[in-house]
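The values are calculated or read from the model by the stated rules, or taken from the named source; none is laboratory data. Please read all numbers here as calculations on a predicted model, not as lab measurements. All Cβ positions, glycine included, derive from the backbone under ideal geometry; neighbour counts span all protein chains shown. Surface areas here come from the heavy atoms of the whole protein model, side chains and all, with no ligands, DNA or RNA. Shrake-Rupley method; radii C 1.70, N 1.55, O 1.52, S 1.80 Å.
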Amino acid sequence: MKRTRSLHLTLLATAAGSLVACSPRTPVSDYQRLSYTSYAQCMNDYRLIPELERPCVPGDPGYYYGPYYYGTGTVHYLGYSPSGVILTRGVVYNTVQRTRILYQEPKAVTLTKSAPTRQASGTTPGTTEASHTGGNAASHVAAAAAGAAAATVASRAGSSTTRGGFGRSSRSSGSFGG
Amino acid sequence: MRRLTLPGRPDWAARLKEVAIDWDGNGYWQEQAAYTFTPEEISRIEEVSQRLVDQLLETVSFAIERHRLGDLGIPAFLHSAVRESWLRSDPSVYMRLDLAYDGERIHLLECNGQTPTSLIEASVAQWHWLEDQLALGQIEDGCDQWNGIHEGLMERWGEASNRGLRHVHFAAGESSEDLATVTYLRDLAEQAGLRTAGLAVYEIGQDPQRRYLIDLDDQDIPHLMWLWPFEFAWEDTAAPELALTGTRFIEPLWKTVLCSKGVLALMHERYPDSAEILPASLTPGSLSGEVVRKPLFSREGQNVTIIGQDHAATGGQYGDLRVVEQRYAELPEFRTDTDERRYPVLGVWVAGSTVCGLGIREDASRITGDRASFVPHLILPEKSA
């Protein structure tokens, strides 16, 4: 019954790195995102994080939204699915060491309840040398974006898809064992 | 069967991290202990375990054909879907039997039919432990381990592929332990040639207009391996989807029979003369002598009561559920090098319907709970056994 070959675990080895990056639950209010007036400008701001899935999505006419993020020195980013749903798999970017680690946000589905959208001011958190101040809040964009994003999480535009119907047992928090 | 202590590996924590185990704190992983077996002991455990697996699967058929699913606590809205799943022979990848073994007698304590945990520890980490300890000279040359779990699971994915399975979605809850377990299973599936995708359980989408559950890219999920207990799922708001969706679950819906501890009573009903199957009943108070009372669905030893001389009881989140009573089987007692009591439970892993390896958890209590530790094992060479 002895094995004759070693165990190959590519995916699990990769996961080992990303699991280390699992963060404690993040306050909803800590997440925000930037708005841009061009798709190219948005994509350019996140060119240093190639692992981030779809960092830019169309928003209101004439606007594009960057990924949701929080943090300064170590910035957590969440991109989007093709249908605009905010992903829970993201990337942690260390602005000092320029390192990138995959991570899993525990509760991204709740982000849109209060996550603000701010207008990009030429600097993007973590991806440029300059520090980011959050830009000037564009109230009409923020309000529209929050509403639109909430809709994409709760249901795809034009469809009746719902999420969150599974995975909410009150019998267990964390791993349930077995 | 013996418990020995030995020096730990200097890099043991890093070795666990390499395979994504980050839940090794508080003594969960026992680096400096091991259970030893003779080859004859392992052969016997393997033989008995395989017989128990065959009997369990026969009991699944019995429960479905004789309309006993309600007795097991499976909600009525799922009965047809469970039956159809069985008739289709929806593929199963794995499960784990928990056994009491005192060196002579073997008793089936429970079956973890759908979401058995401690998989990476049993399949990978304890194998690394064996290889490292052999290399360090801490254990005798020629020592082995009952561990074909990795290969057995890969074969199962290969068989599933041969049956036409091409793409499987993998989902876990929020803990890193569950995510790592699912990632390991996904790794094996990919090595067997399947295409895979991953998402969190709460990200699974439902749309009444569509046949299948939906992933984050708005694509159908024809096959879903999720580390989410069915008994949690049927209490979720999306529970009706379990019966309505075209998505095929891995583990399949027929495994709900083996998730219920009520199957222990049906096993006794089917095999009353078995030496390994303890008397058990769905009617509390009907068994004589010392008994263990446990909810039909509970985890990590929650809401379990030993009624008798070795009285013990645990609290938990499952106290509202119906119970099964099982004749009490005493776990063997071992002592650590600091003279603390330890009660080991053998976890026999099953790939499909074939036993393939062993993992051992030990607790300071006679009820194995979430404070139990994982202890590696080894098989001694013939000459020293």
B:Trp127 passes all but one of the listed conditions (1) over 17 Å from the mean Cα position of the chain (by Cα); (2) open to solvent by 10 Å² or more (accessible area, probe 1.4 Å); (3) within 13 Å of chain A (Cβ to nearest Cβ); the exception is number (2)
Considering segment B:316-361, residues that are small (Gly, Ala, Ser) and loosely packed, with under 15 Cβ neighbours inside 10 Å, and then whichever is nearest to the chain's Cα centre (by Cα), we arrive at B:Ser353
For the subset of segment B:32-54 comprising residues that are among the polar types (S, T, N, Q) and in contact with a Leu (Cβ under 9 Å, 6 or more places away or on another chain), which member is farthest from B:Leu266 (Cα to Cα)? B:Gln32
Kindly provide the set of residues from segment B:225-235 that are in contact with a helix residue (DSSP H, G or I) (Cβ under 9 Å, 6 or more places away or on another chain), open to solvent by 10 Å² or more (accessible area, probe 1.4 Å) and within 7 Å of another protein chain (Cβ to nearest Cβ), ordered by number. B:Trp228
Among the candidates A:Ile49, A:Ile101, single out the residue that is at pLDDT 75 or above, closer than 28 Å to B:Thr181 by Cα and open to solvent by less than 20 Å² (accessible area, probe 1.4 Å). A:Ile49
B:Trp254: closer than 18 Å to A:Gly165 by Cα, open to solvent by less than 40 Å² (accessible area, probe 1.4 Å), under 16 Å from the mean Cα position of the chain (by Cα) and not hydroxyl-bearing (Ser, Thr, Tyr), yes or no? no
Looking only at segment B:187-207, count how many residues are crowded, with 22+ Cβ neighbours inside 10 Å, within 25 Å of B:Ala122 (Cβ to Cβ) and either more than 7 Å from chain A (Cβ to nearest Cβ) or in contact with a helix residue (DSSP H, G or I) (Cβ under 6 Å, 6 or more places away or on another chain) (or both). 3
Residues being facing chain A (nearest Cβ under 8 Å) and either touching a helix residue (DSSP H, G or I) at 6+ places or on another chain (Cβ under 8 Å) or in a loop (DSSP other than H, G, I, E, B) (or both) - total across segment B:211-222: 3
